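Below: the structure, in structure tokens.
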Amino acid sequence: MIHVGLLFEYATLNGGEQSMLAVLRRLTGDPDIQFTAFAQATGPLAAQLRSAGIPLTAFCVRDEHGRKRPAGELLEQLNLAVSRCDPPLDLLHANSLSMARLVGQLTRSDIKRTGHLRDIIKLNKKVIADLNASDRLVAVSAATRDFHVAQGLHRPHCDVLFNGVDTNRFCPEPSLRSDLLAVPPDAAVILNVGQICLRKGQLDLARVVAAWPDDRTPVHLVLVGERHSTKQESVDYEQNIGHVFDLAGRSDRLHCVGYREDVPRWMRAADLLVHTARQEPLGRVLLEAAACGLPIVATDVGGTGEILIDGQTAWLVPPDSPQHLQAAISEALQHPATSAARAMAARQRICELFDIRGAAARLADFWRSVVGRTTGPV
């Protein structure tokens with residue numbers, strides 16, 4: 001048996017946390033792997049870890065005011081927490097780029113150090129050096145790996161392992177839209193799922209929907225997700241989404257429903273998922289929507305093209321291009337047969353390449369290879 005420690009940066013449940021939780025739920029029955037989580041002791045993530053039966057050791061990245069603790073303090077805290085593990089850890093895996101950097105700084109010869117790269121962001125030489133100091137890394141897409149390799153990351157040091165999705169939970173099923181949303185029966189519902197922030201581009205979508213031509217099928221926009229950042233620019237960004245609809249006299253066509261745990265129900269009730277990210281390592285919401293059989297329009301950024309194929313499984317458009325976005329949405333809504341065919345093809349692709357069973361098995365094999373163990377059952 002190998003003992004794997006999992007280091008989490010955030011207490012919330014965004015894509016990175018959901019992706020790891022999906023793996024853990026699949027692997028908790030594996031007799032060859034034991035897990036210990038290092039995370040904030042309270043919050044949505046802690047609740048889900050406990051629900052999955054994962055032992056939790058308190059590790060607080062931020063202080064009581066929400067400020068990130070100094071690197072030296074975090075490293076000391078981590079060293080102490082790891083030292084108290086019984087049985088000792090064989091491997092410590094960081095679930096985010098920032099935590100992967102911290103793990104790289106951990107100077108312990110008795111523990112293998114690995115981490116997930118789930119972000120496409122510019123890094124300085126010191127960060128790259130810290131990442132290269134770990135034993136191995138995992139990138140969620142080739143686009144993510146290649147971006148960081150161009151910055152100096154050791155390419156042989158980094159494996160590409162796609163995230164997975166539970167295709168039994170996220171699957172096509174009949175749904176009554178009226179159970180979730182009060183919209184006219186002739187309206188089309190566009191769904192966007194994700195953290196409300198500039199990187200996800202919801203304001204771009206809001207402008208297109210608010211200006212939707214009167215001579216076409218009326219369109220309503222549902223935003224599932226919430227804003228986490230307290231920066232003024234983030235607060236303003238969220239407020240501007242509502243202002244766009246207010247100025248157009250169409251405030252009734254925007255539905256902000258916040259964080260939801262019943263995302264599959266919303267996906268089954270919608271006509272189209274529109275994902276307007278300006279940067280996307282590997283969009284988990286795209287995996288989920290495709291698995292649900294929901295037609296997709298998405299910006300062709302980062303690892304999105306590794307999930308979806310333009311013209312076959314989705315409509316992929318350039319970022320920051322309202323004309324292309326509006327045209328793709330219009331085509332998807334006006335040609336339901338084409339949308340259904342692409343959605344069916346996307347579902348098949350997800351089942352073949354991104355099912356959680358395969359993703360969990362590949363990550364478990366990765367951990368075993370790092371510690372020098374043979375492949376076991378999943």
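In the chain, a dipole from Cβ-located charges (positive for Lys and Arg, negative for Asp and Glu) runs towards its positive end, and of SER134, TRP212, GLY164 it is SER134 whose Cα lies farthest in that direction.
Peptide packing for 261-268, 66-73, 336-343 was compared via the average number of neighbouring C-beta atoms within 10 Å per residue; ordered from the highest value, the list is 261-268, 336-343, 66-73. Across the chain, Cα pairs under 8 Å and at least six residues apart give a relative contact order of 16 percent. Label positions at ARG199 and THR107, each projected 7 Å from the Cα along the C-beta direction, are separated by 3.1 nm. Taking a sphere under 15 Å around the Cβ of VAL189 and counting the other residues whose Cβ falls inside, with K and R at +1 and D and E at -1, yields a net charge of +3.
The residues packed around VAL209, meaning those with a beta-carbon under 11 Å from its beta-carbon, carry a net charge of +2 if Lys and Arg are +1 and Asp and Glu are -1.
Between the range 334-360 and the range 33-61, what is the separation of their alpha carbon centroids in Å? Answer, in whole Å: 32.
Summing +1 for each Lys or Arg and -1 for each Asp or Glu among the other residues whose beta-carbon sits under 9 angstrom from that of GLN151 gives +2.
Between ARG113 and LEU92, ASP135, ARG136, the built amide H atoms are under 5 Å apart, and every one of these is 5 or more places off in sequence or on another chain. Placing a label point 7 Å from the Cα of ILE309 along the Cα-to-Cβ line, the residues of the range 318-340 whose backbone N sits under 19 Å from it are 338-340. Where a ≥ b ≥ c are the square roots of the eigenvalues of the C-alpha gyration tensor, would you call the range 177-353 rounded, which needs a/c under 1.5, or, failing that, prolate if a/b is larger than b/c, or oblate? Judged from the Cα gyration tensor, the range 177-353 comes out rounded (a/c under 1.5).
Estimate the FRET efficiency between ALA71 and ALA337 by the formula 1/(1 + (r/R0)^6), using the beta-carbon distance for r and 51 Å for R0, to the nearest 0.05.
Working: r = 55 Å, r/R0 = 1.08.
Once the sixth-power term is evaluated, E becomes 0.40.
The value of relative contact order for the range 69-164, using C-alpha pairs under 8 Å at least six residues apart, is 22 percent. Principal-axis analysis of the Cα atoms of the chain puts helix 15-27 at an angle of about 60° to the longest axis. Ordering of 128-138, 176-186 by packing is 128-138, 176-186, highest average first (other Cβ atoms within 10 Å, averaged per residue). Overall, the range 177-353 carries a charge dipole of about 240 debye about its Cα centre when +1 sits on the Cβ of Lys and Arg and -1 on the Cβ of Asp and Glu, all other atoms neutral. First measure r as the distance between the Cβ atoms of ALA142 and SER321, then evaluate 1/(1 + (r/R0)^6) with R0 = 30 Å and state the FRET efficiency to the nearest 0.05. Efficiency at R0 = 30 Å is approximately 0.80. Sequentially through the range 193-205, phi angles give Karplus couplings (6.51, -1.76, 1.60; θ = phi - 60°) of 10, x, 4, 6, 6, 4, 4, 8, x, 5, 5, 4, 5 Hz, Gly and Pro residues having no value and appearing as x. From its DSSP helices (H runs of at least four residues, each -39,500 (n - 2.57)), the chain gives a residue-normalised ellipticity at 222 nm of -12000 deg cm²/dmol. Contact order for the range 305-351, expressed relative to its length and based on alpha carbon pairs under 8 Å spaced 6+ residues apart, stands at 44 percent. In this structure, GLU226 and CYS171 have a Cβ-Cβ separation that, at R0 = 25 Å, corresponds to a calculated FRET efficiency of about 0.45.
Laboratory data are not the source of any read-out in this text; all were calculated from the coordinates shown. No experiment lies behind these values; they were computed from the predicted model shown. Cβ sites come from the backbone with ideal geometry, for glycine too, and all protein chains shown count toward neighbours.
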